[in-house]
């Protein structure tokens with residue numbers, strides 16, 4: 001997944017909020033982490049303010065089930 005596509009998908013999830021959207025965001029970030037590394041995940045968390053929306057802090061590792 002490209003970082004631009006991940007950003008688009010995460011923006012949709014943050015606009016909706018909620019538990020299901022939090023889980024979807026975790027899966028998106030897991031794929032970003034696998035493809036682009038922790039630095040890209042941390043940038044998206046900061047850029048989209050995912051810490052206040054979903055409680056994801058920079059440095060959190062995401063893994064797909």
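Computed from the coordinates by the stated procedures, all read-outs in this text should not be read as laboratory data. Just so it is clear, the structure is predicted and the values come from calculations on it, not from any experiment. Counting neighbours? That spans all protein chains shown, and the Cβs are built from the backbone with ideal geometry, glycine included.
Please go through the range 28-37 and give me each residue that is closer than 12 Å to residue 63 by Cβ and surrounded by fewer than 19 Cβ atoms within 10 Å (Cβ to Cβ), ordered by number.
30, 31, 34
Do we find a residue being exposed (fewer than 15 other Cβ atoms within 10 Å of the Cβ), under 10 Å from the mean Cα position of the chain (by Cα) and farther than 17 Å from residue 65 by Cβ anywhere in the range 10-27?
For the range 10-27, residues exposed (fewer than 15 other Cβ atoms within 10 Å of the Cβ), under 10 Å from the mean Cα position of the chain (by Cα) and farther than 17 Å from residue 65 by Cβ: present.
Residue check, residue 51 against (1) exposed (fewer than 15 other Cβ atoms within 10 Å of the Cβ); (2) under 19 Å from residue 1 (Cα atoms), all met but one. Which one?
(2)
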